[in-house]
Amino acid sequence: MKKLKFLVSLTTKDNDYQQEQATAAEETARRLGVDVDIIDANNDSINQSQQLLKAIQSTSERPDAIILEPVGGTAFPTVARAAAEAGIGWVVLNREIDYIAPIRRIRNVPVFSITSNHEEIGRIQGRQFAALLLKGGSILYIEGPSNSSAARQRTAGMYETKPANIQIRTLRGEWTSESAQRAVQAWLRLSTSAKTPIDLIGCQDDSMALGARKAFQELANSAEKERLLSLPYTGCDGLPQGGQKWIREGLLAATVVVPANTGLAVEMLVKTFQNNLQPPEQTLTTASSYPPLDLLAANARRHT
């Protein structure tokens, strides 16, 4: 059997979770003896689509399968069909897609998705908010982009579990520290921001939580800056050298550990090509609170 080659298409280089996705793919590929080529779309869905079509149409560098985390709200069904027609496997990460079954009928190539349960991630965040704000309060909540189904599902899950005595003020970011910093800076320029009580900064991404901190560090009012920087900050992804490390350093109060899934995608593809069997249409990974919710609540009680 020839050496397999996979193309891994990620959203951006400027995000710690995407960096972990790249590392997991490379480490798993080395372990299993396959080649991976990793590219990023610079948070541009049109660019990502063009990159993928170029790889599919290549006569010399065509991969055996494509693993992608889509930038926008679509998971490129037309590109997926083109890949299958060219005999290229197709794996979508962190999206729920509805076109797997019809595309599988085109050719016998692996087509499947691996995703975090984003609504459950949101539910965990809502429970973290309840543990951190025992008496309720107001949260400045920084979501991912509006065209991201993951962001929408995380928000929906959060609203399911947050207590009624916690109010949410929403801003939008792009899964990067810089985007969250800009969003908070723009909010601070509004006259209404000074009148809005904030008790916690909640973010759908750990790096966005750090971006929010950077925006508050720029405040000229030292008393207000100190107050805002002393609030609890929470995020998602929970990487060992990202969110978990930032909790130990006191920059975050909590995160949601979201396992990287590129390594699992490579493993499942290798097994599929070796055994010529289609994997399940969708595989879900399991998220968890860090620190655990009971420990988070106990720490909050001690500080009230």
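The values are calculated or read from the model by the stated rules, or taken from the named source; none is laboratory data. Model, not experiment: these values are computed from the prediction. Note that we place each Cβ from the backbone using ideal geometry, even for glycine, and neighbour counts take in every protein chain shown. Protein only, heavy atoms only, side chains kept; ligands, DNA and RNA dropped before computing areas. Shrake-Rupley method; radii C 1.70, N 1.55, O 1.52, S 1.80 Å.
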Notebook entry, point to check: Under a GNM of the chain (C-alpha, springs under 10 Å), which listed residue has the highest mean-square fluctuation: SER58, SER288, SER113?
Noted result: SER58
Check: Quick one: if you stick a label point 7 Å off each Cα along the C-beta vector at ASP44 and GLN241, how many nm between them?
Finding: 2.8
Check: Given labels modelled 7 Å from the Cα in the Cβ direction, how far is it in nm from ASP35 to LEU295?
Finding: 4.4
Checklist line | Förster-model FRET efficiency, 22 Å R0, ARG227 and GLU160, C-beta, rounded to 0.05 | finding: 0.15
Item checked: Max mean-square fluctuation residue, GNM over the chain, Cα-Cα springs under 10 Å, options ARG107, ARG123, ARG30 -> ARG30
Note to self: Only Cα pairs within less than 10 Å get springs; with that Gaussian network setup on the chain, which residue of ILE166, ILE46, ILE142 has the largest fluctuation?
What the structure shows: ILE46
Next item on the list: Among the lysines, select those whose C-alpha is under 29 Å from the C-alpha of LYS271, and discard any that sit fewer than 8 residues away in the same chain.
Entry: LYS2, LYS3, LYS5, LYS13, LYS54
Checklist line | For the stretch 125-240: accessible area per residue (Å², 1.4 Å) | finding: 41
Next item on the list: Over the stretch 265-304, average the accessible area per residue using a 1.4 Å probe and give it in Å², no decimals.
Entry: 63
Margin query: Ignoring everything except DSSP H segments at least 4 long, calculate the 222 nm mean residue ellipticity for the chain; use -39,500 (n - 2.57) per segment, divide by total residues, nearest 500.
Written below: -13500 deg cm²/dmol
Check: Which residues' amide hydrogens lie under 5 Å from the amide hydrogen of TRP90, considering only partners 5 or more residues apart or on another chain, with H built in the peptide plane?
Finding: ILE66, VAL111, PHE112
Item checked: Cβ charges +1 (Lys, Arg) and -1 (Asp, Glu), total dipole of the stretch 161-214, debye -> 260
Margin query: Against the empirical 2.2 N^0.38 Å scaling, what ratio does the C-alpha Rg of the stretch 82-129 come to?
Written below: 1.58
Check: For the residue pair ARG62 and GLU281, what label-to-label distance in nm results when each label sits 7 Å from Cα along the Cα-to-beta-carbon direction?
Finding: 2.7
Notebook entry, point to check: Between the helical axis of 45-57 and the dominant principal axis of the chain, each derived from Cα atoms, what acute angle in degrees is found, rounded to the nearest 10?
Noted result: 20
Notebook entry, point to check: Round to a whole number: what % of the accessible area of the chain belongs to carbon and sulfur, probe 1.4 Å?
Noted result: 49
Note to self: Between helix 149-161 and the chain, what is the angle of the helix's C-alpha long axis to the longest principal axis, kept within 0 to 90° and rounded to the nearest 10?
What the structure shows: 40
